[in-house]
Amino acid sequence: MYRCFVFIAFALISAGCSMRRGVASLDTAGTDQPNFRYIQTDVNVTGSRGALLCFIGLPPHDLYRQIIKDLHQKARLRPNQTLANLREDSRVTSYLGLFCVETVTIAADIIEYNDGSAPVLKPRAHTKPKPSPQPPVTAKPPTQPSVAPPPPAAIAPRPLPRPAPSTVEIDSPNRVLIESPSETSLKCPSTATKIGKPHKGTATIQLVLDRPTTCEIRQLFRQTTVRLEPGKHYICLPDIAEKANIDCSMVGSAATK
């Protein structure tokens, strides 16, 4: 009886909770141009994982990858839509004796881009040129009437710049699609380095693989290796837990993108 009482008292004393809000802002790309509109704000997903003795992790082991995957499934993005302002809203760690539970909430906004990749421009207004003053006409004999000069030629308006063309999709069942919010480079064995630059807030890389291949991905000062499977779609974001790493998650099939 005395041992049971001591155990309960120890569990109550060691129980506790810590919480942080607004831990990190992961991405604000694609919102610096007035060519989009907000579809939905504050789309969030919460996930939890436990740890025995606060360092022996229990499933799910990759909590952030699972939350990002669930966030894309919940958003149900349509054409010309993407996630912006990706952020970690809160992180709560609860302590109960020798057991810890970490709960993380990640949120984002859904935005939709216009059809054109550049803002709509309007042609400049052309004013009608004023006729130049003519010298007085000297009286001439009736057989030689004066002839008025021809009107000045109309000035044709300059053509407007066309928006940049969108990325052409590769038509192959083995197509691999990689998307990220910043400039990304991909190097696979026996292939040249591919670079994806942001277009409408999303950098896209496409390639064709005939078998699963381990490739190297770089974003600024971050880098990681990921095993790519033919016909799959991946989302690569900065890893919150490790600042120098990249978290790439498989979110579906590339054939339906």
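The table below gives the values:
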read-out: Cross-chain or 6+ apart pairs with Cβ under 6 Å, the range 203-232 first and surrounded by fewer than 17 Cβ atoms within 10 Å (Cβ to Cβ), then acidic (Asp, Glu); value: Pro212/Glu229; Thr225/Glu216
read-out: Matching residues, the range 216-237, being closer than 20 Å to Thr193 by Cβ and not charged (D, E, K, R); value: Ile217, Gln219, Leu220, Phe221, Gln223, Thr224, Thr225, Val226, Leu228, Pro230, Tyr234, Cys236
read-out: Residue in the range 55-66 that is more than 26 Å from His199 (Cβ to Cβ), in a helix (DSSP H, G or I) and modelled with pLDDT of 85 or more present; value: yes
read-out: Members of the range 39-54 that are open to solvent by less than 70 Å² (accessible area, probe 1.4 Å) and not in a strand (DSSP E or B); value: Cys54
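The values are calculated or read from the model by the stated rules, or taken from the named source; none is laboratory data. Quick caveat: nothing in here was measured; it's all calculated off a predicted structure. We place every Cβ from the backbone using ideal geometry, glycine too, and count neighbours over all the protein chains shown. SASA here: full protein model, heavy atoms, side chains in, ligands and nucleic acids out. Shrake-Rupley method; radii C 1.70, N 1.55, O 1.52, S 1.80 Å.
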